[in-house]
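The structure under discussion appears below in the form of structure tokens.
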Amino acid sequence: MVDGSWTFTAQFSGLGWVWKDTMGKNQLMGTRNLRRRETTLHLELEALQWTMESMIQHSTCQRFETDCKDLIAIIEQPQAWSNFSTELEIIQTLRLCFSDFKISYFPRTQNETADSLARNACSLHRPLCFIGCSIPVWLPRPPHVLVIE
């Protein structure tokens, strides 16, 4: 699961990703911030790129999920998005490292950990790059949805 957080006024943009196993359990996650990017779409592409680079090092992950439908459209029809040619070239090169690359839509309500990691990274006022098995104690936890039976 991949996400980016961008606001026009923030100094930093935030990236977040979560790698889950087939049972849906978090195995690894990353959070990072960068100087604010030009647009949200530039940031979403950068979030996917960083996630792919991380997965090459840690997993044979083949499936990526995002809550950004435009990101999926860019990946599926790169010729229609010439403004992103540099970013797309990097993504296309990274795709070669995966035998069966897939990217699909995942609603934000089901992507809350990656979303929270990205938002928190965006709000920090210092550089951040973290990859680990759990959310560091110094980062706020994502809200948990209560299930009432």
>> Taking just the alpha carbons, could you work out the radius of gyration and Dmax for the stretch 26-83, both in angstroms?
In response: 12.5, 35
> With θ set to phi - 60° and the Karplus curve 6.51 cos²θ - 1.76 cosθ + 1.60, what are the ³J(HN,Hα) couplings of the stretch 43-56 in order, to the nearest whole Hz, using x for Gly and Pro?
Replying inline: 5, 4, 5, 5, 5, 5, 4, 5, 4, 4, 4, 5, 5, 4
> Hey, fewest Cβ within 10 Å first, where do Ile131, Ile103 land in order?
Replying inline: Ile131, Ile103
> Can you give the Rg to Rh ratio of the chain, both from alpha-carbon atoms, with Rh computed by the Kirkwood formula?
Replying inline: 0.95
> How much mean residue ellipticity at 222 nm does the chain get from its helices, if each DSSP H run of length 4 or more adds -39500 (n - 2.57) and you divide by all residues, to the nearest 500 deg cm²/dmol?
Replying inline: -10500 deg cm²/dmol
> Got a sec? How would Asp21, Asp67, Asp3 order by Cβ neighbour count within 10 Å, fewest to most?
Replying inline: Asp21, Asp67, Asp3
> Tell me, what ³J(HN,Hα) does each residue in the stretch 13-27 have, in order and in whole Hz, if you take phi through Karplus 6.51 cos²θ - 1.76 cosθ + 1.60 with θ = phi - 60° and put x for Gly and Pro?
Replying inline: 9, x, 10, x, 8, 9, 9, 10, 7, 5, 8, x, 8, 4, 10
>> Under 8 Å for C-alpha pairs, at least 6 residues apart: give me the relative contact order for the chain, rounded to a whole percent.
In response: 36
> Can you tell which of Trp81, Trp17, Trp138 shows the greatest fluctuation in a Gaussian network model of the chain with Cα springs below 10 Å?
Replying inline: Trp138
> How large is ³J(HN,Hα), in whole Hz, for each residue of the stretch 111-121 in order, when computed from phi with the Karplus curve 6.51 cos²θ - 1.76 cosθ + 1.60 and θ = phi - 60°, using x for Gly and Pro?
Replying inline: 10, 5, 5, 4, 4, 5, 4, 5, 5, 5, 5
> Once amide H atoms are built 1.01 Å from N in the peptide plane, which residues 5 or more positions from Ile103, or in another chain, come under 5 Å H to H?
Replying inline: Phe64
> Quick one: Cα centre-to-centre distance for the stretch 1-65 and the stretch 73-123, in angstrom?
Replying inline: 8
> What order, most packed first, do the peptides 84-93, 110-119 have when packing is the mean number of other Cβ atoms within 10 Å of each residue?
Replying inline: 110-119, 84-93
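Each value in this text was obtained by applying a stated rule to the coordinates, not by laboratory testing. What you are looking at is a predicted structure, and each value in this text was computed from that prediction instead of being measured. No Cβ is skipped: glycine too gets one built from the backbone with ideal geometry, and neighbour counts run over all protein chains shown.
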